[in-house]
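This report concerns only the one structure given below.
The values are calculated or read from the model by the stated rules, or taken from the named source; none is laboratory data. No experiment lies behind these values; they were computed from the predicted model shown. Cβ coordinates were reconstructed from backbone atoms using ideal geometry, including for glycine residues, and neighbour counts include every protein chain displayed.
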Amino acid sequence: MNDLLRRYRDPALVILLLALPLYMLGSYRGDRSRPGAMSAMTMQAVGSLQSQGDGVIGRVGRLWDDYVDLIDVKAENRRLVIENARLREENIRLQGILQENARLAALVGFKSARPTLHLVPARVIAADVSPYFRVLRIRIDTGEHLVEPGMPVVAAEGVVGQIEVVAGRYSDVMLAVDPRSKIDILTQSNRARGILVGLGHDNDYLAQISYLLRRDEVEEGDIVVTSGRGGRFPKELPVGRIRAIDAQAYGLYQNAWVEPVVDFSRLEEVFVVVGDAAVPR
């Protein structure tokens with residue numbers, strides 16, 4: 001439509017400017033050598049119009065071009081807005097894929113580093129945020145018939161918790177920071193031993209080491225790992241990092257608070273440890 005208007009614009013203006021004086025000439029009356037007042041005014045008007053005809057055509061043409069160009073620009077803007085929205089959506093989707101690939105690569109690395117562990121993959125589908133019951137619900141991807149209560153649950157970073165309830169492909173996981181959870185641990189640097197117990201705070205996931213001897217030299221930042229005792233958690237799995245220490249002036253034990261190595265608020269994929277070939281049955 002725009003191309004058609006551009007093609008016939010100039011011819012239409014020329015025809016109009018030619019037809020107008022012919023019409024005026026045909027309307028003259030009386031002696032043409034002495035035109036009347038009306039004819040003289042008409043001639044002056046037509047002459048002025050004709051003398052400026054090229055300028056008028058040019059200006060009108062430019063205005064018309066600007067109008068048509070404006071229509072094209074608006075159409076192009078609409079197309080660009082749609083294209084930008086599509087690209088933003090695709091970028092968000094690709095970012096999600098890259099993040100998922102990174103998480104899965106970390107899980108594969110965890111599994112490769114511990115070839116003796118028999119691991120069943122699962123996906124986090126819900127979380128209980130109550131400080132008294134720190135629980136995740138997971139859906140077992142494969143091998144759900146192997147999962148039983150008490151089995152450890154781990155992520156690429158370290159210990160998540162243990163299976164509490166099993167219902168087909170779905171299981172509830174009691175987190176390591178649940179007040180009911182108790183995990184036998186060691187400090188990685190000097191092998192000081194204690195029991196990690198969840199605190200159930202409202203605003204954090206801190207746990208505390210119970211029965212940590214006052215004579216044991218531990219420092220803030222020390223990594224805490226599973227001891228392997230008790231036959232539940234495999235040995236040397238990272239659990240947390242010591243965040244604060246309160247060395248008592250007297251008594252047998254000191255207090256230490258631990259921040260988990262796993263970010264439970266961002267957890268999406270986990271493994272259930274259903275067996276460990278390194279641990280004799």
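In the set Gln248, Gln208, which member is loosely packed, with under 13 Cβ neighbours inside 10 Å and either closer than 30 Å to Pro115 by Cβ or out of contact with any helix residue (DSSP H, G or I) (no Cβ under 9 Å at 6 or more places or on another chain) (or both)? Result of the check over Gln248, Gln208: Gln248. What about Val274, is it of a type in the set (A, V, I, L, M), surrounded by 20 or more Cβ atoms within 10 Å (Cβ to Cβ) and either on the phi < 0 side of the Ramachandran plot or touching a residue at least 24 places away in the same chain (Cβ under 8 Å) (or both)? So Val274 does not fit the description; no. The set of residues from the range 247-275 being under 18 Å from Ile185 (Cα atoms), in a strand (DSSP E or B) and not small (Gly, Ala, Ser) comprises Tyr253, Gln254, Asn255, Trp257, Val258, Glu259, Pro260, Val273.
Can you find a residue that is assigned to a loop (DSSP other than H, G, I, E, B), touching a Gly at 6+ places or on another chain (Cβ under 9 Å) and among the acidic types (Asp, Glu) anywhere in the range 182-204? The answer is no, given that none of the residues of the range 182-204 is assigned to a loop (DSSP other than H, G, I, E, B), touching a Gly at 6+ places or on another chain (Cβ under 9 Å) and among the acidic types (Asp, Glu).
Per-residue answers, yes or no, for (1) in the same structural domain as Val272 (by TED's automatic domain parsing); (2) more than 37 Å from the chain's Cα centre (by Cα); (3) not basic (Lys, Arg):
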site: Ile195; (1), (2), (3): yes, yes, yes
site: Ser210; (1), (2), (3): yes, yes, yes
site: Arg214; (1), (2), (3): yes, yes, no
site: Arg232; (1), (2), (3): yes, no, no
site: Val239; (1), (2), (3): yes, no, yes
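For the range 205-223, filtering for residues that are part of a loop (DSSP other than H, G, I, E, B) and in contact (Cβ under 8 Å) with a residue 40 or more places away in the chain leaves 3.
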